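The values are calculated or read from the model by the stated rules, or taken from the named source; none is laboratory data. All of these numbers come straight from a predicted model, not from anything done at the bench. Cβ atoms come from the backbone with ideal geometry, glycine included; neighbour counts cover every protein chain shown.
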Amino acid sequence: GTNFLKNQKQSFDTKPTEEELRETIAKIEKIRDDETGKLEETIKEYFVKADTDSSTTLDREEFGELLRNIHQEYHLKEPSATEITKIFKRIDLDHNGKIDLNEALSGFRFILDGIIRHLEETIERIKH
């Protein structure tokens, strides 16, 4: 349940090492490049979990939930409302204010690339 995730929060507070960040990047790249052949399955799981009203589309609220779930899984800082909106607009290809599974599938790499970029910036900050 959600309590488990709340308890995971403290892992964000400990500053990750460069090595840990690089491991996370490698993990996310593996998913993004679909080396396991499970990318679609993974996205569908996130999608269904976030689609709380079972409408087969995600509104902005639900999409925010999907992003937060991904960030939590990789012990990343929660995305801001602004970031969520920006990503939502980018992935909502038909601009109907909802994200369907196809949009989620095609936008997922964009989401992961954003996370990887964020991690790489964090590494740069640690080094300097």
### Query
Residues that are surrounded by 15 or more Cβ atoms within 10 Å (Cβ to Cβ) and modelled with pLDDT under 95: which helices (runs of 4 or more DSSP H) entirely in the range 1-101 hold 1 or more of them?
18-32, 39-50, 60-73, 81-91
### Message
I'd like to check something: does the range 82-91 contain any residue that is among the hydroxyl-bearing types (S, T, Y) and closer than 19 Å to G114 by Cα?
### Response
yes
